[in-house]
Each structure stands twice: as C-alpha cells, then as structure tokens.
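**Student:** Below are the structure tokens for one structure; questions will follow.
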Amino acid sequence: MDYARAIVESSARIAALAERADLGIPIPSCPDWTAGDLVFHLGTVHRFWTAAVRERNPEARPNVDDGDVDDADLVLWAREQTAALVGALAVADGAPCWTWWGEPRTADAVARHQVQEAAVHCWDICNALGQDFEIPIDQAVDGIAEFLEVMSSSMEMPSDHHLSFQPSDWADVVTYGDLSLPPITLSGSASDIVLVIYKRRPLEILRVDGDVTIAQRWLDAIDLS
C-alpha cells in the first residue's frame, strides 16, 4: 500500500467536505465534536507527526504547540499540515521516530498509523453528512492488524479465548491472542470490522461466532483516548 497516497486521499476528502459544509455541524461518532473540531484535530495530528518524523529522535516526544486557527483559514491550514506530513514522510525513508505505542519507532510506522487516522475520520465526517464511505479494502485489512499491534499493550485479551477477525471481502484472517485457545470469530466487511474496533459502529453489524458477551466486553475495554 502507498501510505502517503492513502493519507492524502482521505484527508483531501475531509477537507473538501468541510469546505462545503457548515463547520458547526455535529459529528455523531465523536461526541462533542463539530466538523470544524474534526478538521482541526486531524490538522494538529498531522502537525505533531510532521515534527516527530523530522526530529528523528525515537527517545523524545516532540513539543508542538497546537495553537488556534480561525474558521476562515481552517481548511487551507489543514491541507497545509497534510502536505507537510507527507513531505516529511517522503524524505524520512523509514528513519527512527518517537511513537506513543513504542516499537516499531519508525517513520514508516507513523505513516501506517496515519492511514487509519485519516480513513476513520473520513468516515466520521461522511457519516455526519449522510454520505456513504467504506474504508478501501487494502487500508481496512491492514487497519485490523495495525490496530491490534499498536493497541496490544493496552488491550486485555479475553480469558480462555482468542479473537479471529475474518473479513468477508478478503481471504486473510487476522488473529489476536493465544491460538491454542478456542476462537471468537468476528466476520463482516473489512471496513465494518475496523469501524467496530474503533467504536464507530456497533458489534451487531458483524457476525459473531462464539460468546458475544465476551467480544463486547473486549471492545468496551478498548481505550481510544
């Protein structure tokens, strides 16, 4: 997958939608956020990771001031932050980089994670505006594995089971936990699986083979803050 292209495409769609929409409309999947808040959030995220990638110091979190941006300048500013991030990633060539999740502490790992950040927030604003958006299949399949890898240190595995994620539109299965234990299998489109684990859609949209209560308890315990 071309990470930079994926980041640009999702971010550009967010910017284009925000440019035509009322920035004050609520984002139901992100309580207390408006469209303007979402655009500002993504811009500050891109600004932060641009600094991290440029510093090439895996041991120190960069100090970046979020500042403030007028609504009139917000979309242009956000586009500039996306361009800066993609530019920094292009010259980083996998260089060391601080990350909040630990290893791998590289610019490539940042790029991989920012694909998911932009894609999920693209769904957020499309959903708020009543537009259909499905995370592209290659991004969604990678997003399942990436989420489990990045969040593994803070997730508690259900006892006596492992989780199996089986996209209906992809041949590969992604697993999490001790494979010697019986599985709880979650099936659905790769996009829907990603949106469920990011708490954008309810577990009910997936087929669950196994104990639904355990699967829901695992999802409820995920901390996205």
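Read the figures in this text as sums done on the coordinates, not as results from a lab. Here the structure is a predicted model, which is why all the values come from computation and not from measurement. In this analysis, Cβ positions are derived from the backbone assuming ideal geometry, glycine residues included, and neighbour counts consider all displayed protein chains.
**Student:** Between Thr175, Thr213, Thr106, where does the largest GNM mean-square fluctuation fall for the chain, given springs only between Cα atoms within less than 10 Å?
**Tutor:** For the chain, modelled as a Gaussian network with Cα springs under 10 Å, the answer is Thr213.
**Student:** Here's another thing I want to ask about it. Name the helices (complete DSSP H segments) of the chain with a Cα length along the long axis of 20 Å or more and a Kyte-Doolittle mean of at least 0.5, or state none.
**Tutor:** 71-92, 137-151
**Student:** Would you please classify the overall shape of the stretch 96-225 from the alpha carbon gyration tensor, given that a ≥ b ≥ c denote the square roots of the eigenvalues, rounded means a/c under 1.5, and beyond that prolate means a/b larger than b/c while oblate covers the rest?
**Tutor:** oblate
**Student:** Separate question: Check each of the chymotrypsin sites (Phe, Trp or Tyr not before Pro) in the stretch 30-116 and keep only those in coil by DSSP with at most 11 other C-beta atoms within 10 angstrom; list them in order. Present the calculation step by step, with values, prior to reporting the outcome.
**Tutor:** Working: sites: Trp33, Phe40, Phe48, Trp49, Trp77, Trp98, Trp100, Trp101; in loops: Trp33, Trp98, Trp100, Trp101.
Answer by residue number: Trp100.
**Student:** Excluding Tyr176 itself, what net charge comes from residues whose Cβ is under 13 Å from its Cβ, given Lys and Arg +1 and Asp and Glu -1?
**Tutor:** Working: positive: none; negative: Glu146, Glu149, Glu156, Asp178.
Once all neighbours under 13 Å are counted, the net charge is -4.
**Student:** Between Glu134 and Asp209, what FRET efficiency comes out of the Förster formula 1/(1 + (r/R0)^6) with R0 = 30 Å and r the beta carbon distance, rounded to 0.05? If you can, show how the numbers build up before the last one.
**Tutor:** On the way: r = 23 Å, r/R0 = 0.77.
E between Asp209 and Glu134, to the nearest 0.05, is 0.85.
**Student:** Which FRET efficiency, nearest 0.05, do Asp65 and Leu224 yield, Cβ-Cβ r, R0 25 Å?
**Tutor:** For Asp65 and Leu224, the calculated efficiency is 0.55.
**Student:** Turning to a different aspect of this structure: Going by the alpha-carbon gyration tensor, a ≥ b ≥ c the square roots of its eigenvalues, is the chain rounded (a/c under 1.5) or, if a/c is not under 1.5, prolate (a/b greater than b/c) versus oblate? Walk me through the numbers before you get to the answer.
**Tutor:** Details: a/c = 1.99, a/b = 1.37, b/c = 1.45.
Here the chain falls in the oblate category.
**Student:** Turning to a different aspect of this structure: Using a Gaussian network model on the chain with a 10 Å cutoff between Cα atoms, which of Arg112, Arg201, Arg47 fluctuates the most?
**Tutor:** Looking only at Arg112, Arg201, Arg47, the biggest GNM fluctuation is shown by Arg201.
**Student:** Among Ala16, Trp123, Ala95, flag the residue with its Cα farthest along the positive direction of the charge dipole of the stretch 1-144, charges on Cβ as +1 for Lys/Arg and -1 for Asp/Glu.
**Tutor:** Ala95
**Student:** Next question, about the same structure. With charges set only on the Cβ (+1 for Lys and Arg, -1 for Asp and Glu), what does the dipole of the stretch 3-128 come to about its Cα centre, in debye to the nearest 20?
**Tutor:** 520 debye
**Student:** Longest segment of the chain with no GluC sites (Glu not before Pro) in a DSSP loop having at most 14 other Cβ atoms within 10 Å?
**Tutor:** In the chain, the maximal stretch lacking such sites is 60-155.
**Student:** Along each of its three principal axes, how wide is the spread of alpha-carbon positions in the stretch 1-111, in whole angstrom units, largest first?
**Tutor:** So the three principal-axis extents are 40, 27, 25 Å.
**Student:** Please state the charge dipole magnitude for the stretch 65-209, taken about the Cα centre, from unit charges on C-beta atoms (+1 on K and R, -1 on D and E), reported in debye and rounded to the nearest 20.
**Tutor:** Dipole of the stretch 65-209, to the nearest 20 debye: 340 debye.
**Student:** Oh, and also: Taking 0.36 nm per intervening residue step and subtracting the Cα-Cα distance, what contour gain separates Ile25 from Trp101 on full extension?
**Tutor:** Once the chain is fully extended between Ile25 and Trp101, it gains 24.1 nm.
**Student:** Given a Förster radius of 25 Å and the C-beta distance between Leu179 and Asp2 as r, what FRET efficiency does 1/(1 + (r/R0)^6) yield to the nearest 0.05? Show your work: numbers first, answer last.
**Tutor:** Numbers: r = 31 Å, r/R0 = 1.26.
Computed FRET efficiency for Leu179 and Asp2: 0.20.
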